[in-house]
Amino acid sequence: MPNWNDVGDALREHGLRGRPDCRPTAVGGGSICATWRYETLDGPIFLKTGNRDAFGMLSTEALGLQEIAASEAIRVPNVLAIQRCEQTSVLALEWLILQPAGHDCDEELGTQLAALHRHSNDQFGWQQNNWIGLTPQANTISNDWAQFYAAQRLAFQFDLAERNGYQGALLHKAADLMTGITNIFDGHSPSASLLHGDLWSGNRACCDEHPVIFDPAVYYGDRESDLAMSRLFGGFHAEFYAAYEEAWPMADGHQRRCALYQLYHVLNHLNLFGASYYSQAVSLINELLQD
């Protein structure tokens, strides 16, 4: 439980004054940090809280939200405050009334995501490392996308899987995949697009009849990575993909690379949540090796 006196003092430093009768209410949606509705004199705000060590994770989330907001392509919650208190780290965001994303909302999001991806950088990576869930995500700047993805995404996850005790077919096939991974990128030279980085269906919603996205793991990379992730763990409505394709058609070979980009997230789920993702990871590797 946060020390609410400390949190209240920290929020006041950012001009956010709690109501005298404020009783923070726990809300759903937080699997890593605790999430709260906090009543201020100017209305409710959304808080994420964790221990002092969670400050790095929350601060990079705030930076990612601000970078997406600066693109003016897709709505994200406004960052109101980020603070490390004596015992608690807290991220304050605007309070949004969210609804499930329907067909029309997903269609608009497809167009907007293409606009986000057109915000590009000269190099792949980001200004600092961040997190994908509870897993550290390296973002060391690189001019070579294939090298960046192989070393800072897949190799890291395979090494983590080995440390977590996963052996057998996974690591044997992983060695074969990594040996020939550059072949999958033959003829593909993507722009370094601004990515949400963790764009599964649970990280998007509808607010005031328009899309909103949140909980990013931002970096600059191949735009196909966001599209591949969106097809995992529930997926989006068909209108989303049609609208994106109309706004910015996908490059040749994207179907094959989709499996490669999904592998990163499936491996991360394997390392975070356990062996139920093992067979899915092996299946994706088999698909890539067969190609």
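Rule-based calculations on the coordinates, nothing more; no lab input. Bear in mind the structure is a predicted one, so any value in this text is a computation, not a measurement. For neighbour counting, all protein chains shown are included, and Cβ atoms are generated from backbone atoms with ideal geometry for every residue, glycine included.
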ask   = Separation of segment 168-183 and segment 132-155 by C-alpha centroid, Å?
value = 17
note = Given a Förster distance of 25 Å, the FRET efficiency implied by the Cβ-Cβ spacing of L41 and Q99, rounded to the nearest 0.05, works out to 0.40
query = From the square roots a ≥ b ≥ c of the eigenvalues of the alpha-carbon gyration tensor of segment 1-56, which class results: rounded (a/c under 1.5), prolate (a/b over b/c), or oblate?
reply = oblate
query = Where both residues lie in the chain, what percent of DSSP beta bridges are antiparallel, nearest 5?
reply = 95
query = Which ordering of M1, M250 is given by a fewest-first count of other beta-carbon atoms within 10 Å?
reply = M1, M250
remark   = Taking only the alpha-carbon positions of segment 4-94 as identical scatterers, the Debye log10 I(q)/I(0) at q = 0.12, 0.19, 0.25 Å⁻¹ comes out as -0.34, -0.86, -1.38
ask   = Using only Cα atoms, what is the ratio of the radius of gyration of segment 176-237 to 2.2 N^0.38 Å?
value = 1.36
query = Per 5 Å bin, what percent of the C-alpha pairs of the chain does each bin hold, from zero upward?
reply = 1, 5, 12, 16, 16, 16, 13, 10, 6, 3, 2, 0, 0
task = Along each of the three principal axes of the Cα atoms of segment 102-167, give the extent in whole Å, ordering the values from largest to smallest.
result = 44, 32, 19
note = Taking D186, D291 and counting other beta carbon atoms within 10 angstrom, the fewest-first order is D186, D291
note = With the label point 7 Å along the Cα-to-beta-carbon line of C207 and a cut-off under 19 Å to each amide N, the hits in segment 39-55 are 39-49
key: Surrounding net charge for H188, when Lys and Arg each add one and Asp and Glu each subtract one, Cβ distance under 15 Å   = -3
ask   = So how do 66-72, 17-23, 276-282 stack up, highest first, on mean other-Cβ count within 10 Å?
value = 276-282, 66-72, 17-23
inquiry  = Taking the Cα centre as origin and putting +1 on Lys and Arg beta-carbons and -1 on Asp and Glu beta-carbons, what dipole magnitude results for the chain, to the nearest 20 debye?
reply    = 780
request  = Go through the chain and flag any cysteine with no other cysteine's C-beta closer than 4.7 Å, please.
outcome  = C22, C33, C85, C207, C258
ask   = segment 185-291: D in µm²/s via Stokes-Einstein (Kirkwood Rh, Cα pairs, 25 °C, 0.890 mPa s)?
value = 164
query = Per the Debye formula with a single identical scatterer at each Cα and no solvent contribution, what log10 I(q)/I(0) holds for segment 27-158 at q = 0.09, 0.18, 0.19 Å⁻¹?
reply = -0.34, -1.21, -1.27
query = If the viscosity is 1.567 mPa s and the temperature 4 °C, what translational diffusion coefficient in µm²/s does Stokes-Einstein give for segment 136-212 when Rh comes from Kirkwood over Cα pairs?
reply = 85
request  = Can you tell me the relative contact order of the chain? Whole percent, Cα pairs under 8 Å, sequence separation 6 or more.
outcome  = 18
